[in-house]
Each structure stands twice: as structure tokens, then as C-alpha cells.
1. Assuming R0 = 35 Å, can you tell me the calculated FRET efficiency for the pair residue 41 and residue 103, based on Cβ-Cβ distance, to the nearest 0.05?
2. Before rounding to the nearest 500, sum -39500 (n - 2.57) across all DSSP H runs of length at least 4 in the chain and divide by the residue total; then give [θ] at 222 nm in deg cm²/dmol.
3. Zone of residue 29 (label point 7 Å along Cα→Cβ, backbone N under 20 Å): which residues in segment 62-85?
4. Against the longest alpha carbon principal axis of the chain, how many degrees, from 0 to 90 and to the nearest 10, is the axis of helix 55-75 turned?
5. Just the Cα atoms of the chain, one point each, no solvent: what log10 I(q)/I(0) does Debye give at q = 0.10, 0.11, 0.13 Å⁻¹?
6. Excluding ligands, DNA and RNA, what is the solvent-accessible area per residue of segment 77-140 at a probe of 1.4 Å, expressed in Å²?
7. About its Cα centre, how strong a charge dipole does segment 77-140 have in debye, to the nearest 20, once Lys and Arg get +1 and Asp and Glu get -1 at the Cβ?
8. State the percentage of accessible surface on segment 8-75 attributable to carbon and sulfur atoms; use a 1.4 Å probe and exclude ligands, DNA and RNA.
Amino acid sequence: HGRAAIPDSPRALILAAVDKYRQALAVRSAVLHPRNQMLGATHAALCDALTELGQEGLVQAAGHAEIALEYITASYPPDSSAEGFQRAKLAEMLTASGPPGSTARVAAEEHAVRAAAILSAHFGELNETVLRMRRLLLGND
């Protein structure tokens, strides 16, 4: 009775989630203060949903990840673990979205170096994300 049809494929479900996060972002952007952390969290959620689309969603996902990083750096102390993890996520996306030597890959390396430094300071050199960033920098991703 008035219920929306439920998508019947994983891809359709992901696209529906992306659409809902975009709607939420539009509404929240209209009613919340521009530096409200809820906006950063919505960008992060939209980024995660776009990443689920694979290669086709990576460029858009990276853009939302960068915006989420801006919210994190504005809301947390410098070199917070939240910043480190967000930089690691961004480094992995940018690595997957561009060929070696591209602007995306250069930015990925910068984020990976910074993420590894921040997270090793918090959790030590053997932290799983730190090791992943080191492999990414060595080209063994």
C-alpha cells in the first residue's frame, strides 16, 4: 500500500543507499551549521556507499572522503587517530582510482605517509593499518 518497491539486486540496494545519503546530505546541508560534525559523518557514509560500487564510484567517494577529512581535522586535535584512519581510507581510494604517477596517486602517497606516521604514533609500527599503508607505499597493495 504506498510502500516503495524494495530493490532486488545488491547493486540496486547500493544505488538506493547512495541516493538516500545524497538526500540526507542535501537536507542536513540546508538546516545544519556548515561545520556540524553530522555533515562530515554523512559525507563519510556516502563515501562508504559509493565505494561499494567499485571503480565507478571511487572518484566521487574520494571527494566525499576528502570533505570528511576536512571535518575531522576541524573537529579533532592535530594528528588524531580519526585523522589517521580517514587519511588511510583516502589513500586506498586514491590509489585504486588513478594510474601510477597520476595526481590521484601522488595525493594517495602523501595521505599514506601521513596516515602511517599518525597511526604508528598512536598504535605502534605493527598496527594493521600502518602496515597496509607501508605496503601501499612500496607498491605491494
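The values are calculated or read from the model by the stated rules, or taken from the named source; none is laboratory data. Bear in mind that the values here come from a model prediction, so they are computed numbers and not experimental data. With ideal geometry, Cβ positions are generated from the backbone for all residues, glycine too; neighbour counts draw on all protein chains shown. To get the accessible areas, we keep the full protein, side chains included, count just its heavy atoms, and leave off ligands, DNA and RNA. Shrake-Rupley method; radii C 1.70, N 1.55, O 1.52, S 1.80 Å.
1. On the way: r = 27 Å, r/R0 = 0.78.
Computed FRET efficiency for residue 41 and residue 103 comes out at 0.80.
2. Numbers: 6 runs with 107 residues, N = 141.
Rounded to the nearest 500, the figure is -25500 deg cm²/dmol.
3. 62-75
4. Approximately 70 degrees, to the nearest 10.
5. Taking Cα atoms of the chain as identical point scatterers yields -0.38, -0.46, -0.62.
6. Details: 3310 Å² over 64 residues.
Accessible area per residue, segment 77-140: 52 Å².
7. On the way: 7 positive and 7 negative charges, 32 e Å.
My answer is approximately 160 debye.
8. Details: 2240 of 3840 Å².
Ligands and nucleic acids excluded, carbon and sulfur give 58 percent.
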